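Encoded as structure tokens, the structure appears first; notes follow it.
The values are calculated or read from the model by the stated rules, or taken from the named source; none is laboratory data. No experiment lies behind these values; they were computed from the predicted model shown. Using ideal geometry, Cβ is built from the backbone for each residue, glycine included, and neighbour counts are taken over all protein chains shown. In case anyone asks, the SASA skips ligands and DNA or RNA and just uses the protein heavy atoms, side chains included. Shrake-Rupley method; radii C 1.70, N 1.55, O 1.52, S 1.80 Å.
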Amino acid sequence: MAEGEGLFSVDYEVSGRVQGVFFRKYTQEAKRLGLVGWVQNTSHGTVQGQIQGPAARVREMQEWLRKIGSPQSCISQAEFSNEKKIVALEHQDFKILQ
């Protein structure tokens with residue numbers, strides 16, 4: 001973690017063509033950024049999850065979720081909620097949940 005940079009946590013839900021296009025697999029981008037959290041498909045066709053880590057890296061992943069996604073995805077909307085500063089990470093790594 002970067003020195004002097006606070007840790008943040010944010011929940012997300014991404015809509016559009018995001019299931020069946022390897023979107024969850026590509027969210028492993030979070031690991032490359034040094035983030036922890038999780039991702040899963042929802043029963044209503046979206047992908048949701050949580051990311052935690054240094055503020056700048058969390059913002060970078062938010063942009064990835066908003067604009068990039070997997071090569072075959074078509075993101076129509078990315079919503080972020082429960083953004084908060086945290087004292088310590090609540091997850092060990094970044095996981096794809098079933």
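Condition (residue is under 12 Å from LEU7 (Cα atoms), assigned to a strand (DSSP E or B) and modelled with pLDDT of 95 or more) applied to segment 53-62: is it met by at least one residue? Can you show your working first?
To start, the set of residues in segment 53-62 that are under 12 Å from LEU7 (Cα atoms) comprises 53-59.
Narrowing further to those that are assigned to a strand (DSSP E or B): 53-54.
Within this subset, residues satisfying the condition of being modelled with pLDDT of 95 or more are 53-54.
Yes.
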- Task: Identify all residues within segment 63-91 that are part of a loop (DSSP other than H, G, I, E, B) and exposed (fewer than 12 other Cβ atoms within 10 Å of the Cβ); write none if there are none.
- Result: PRO71, VAL87, ALA88
- Applying the selection to segment 69-90, what residues are hydrophobic (A, V, I, L, M, F, W, C) and touching an Asp or Glu at 6+ places or on another chain (Cβ under 8 Å)? ALA78, PHE80
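Please determine, by comparing only the residues of segment 52-62 that are of a type in the set (A, V, I, L, M, F, W, C) and open to solvent by less than 10 Å² (accessible area, probe 1.4 Å), which one is farthest from the chain's Cα centre (by Cα). Don't jump to the end; show me each part of the working.
Within segment 52-62, the subset of a type in the set (A, V, I, L, M, F, W, C) is 55-56, 58, 61.
Subset that is open to solvent by less than 10 Å² (accessible area, probe 1.4 Å): 58, 61.
On the way: VAL58: 8, MET61: 6 Å.
Top of the filtered list is VAL58.
Report whether or not SER15 is open to solvent by less than 60 Å² (accessible area, probe 1.4 Å), part of a strand (DSSP E or B) and modelled with pLDDT of 95 or more.
On the way: open to solvent by less than 60 Å² (accessible area, probe 1.4 Å): yes; part of a strand (DSSP E or B): yes; modelled with pLDDT of 95 or more: yes.
So SER15 fits the description; yes.
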- Find all pairs meeting these conditions: Cβ atoms under 7 angstrom apart; at least six residues apart or on different chains; first residue within segment 64-78 and at positive phi; second residue open to solvent by 90 Å² or more (accessible area, probe 1.4 Å) and of a type outside the set (S, T, N, Q). GLY69/TYR26
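In the set GLY34, GLY49, GLY45, which member is in contact (Cβ under 8 Å) with a residue 24 or more places away in the chain and open to solvent by less than 10 Å² (accessible area, probe 1.4 Å)?
GLY49
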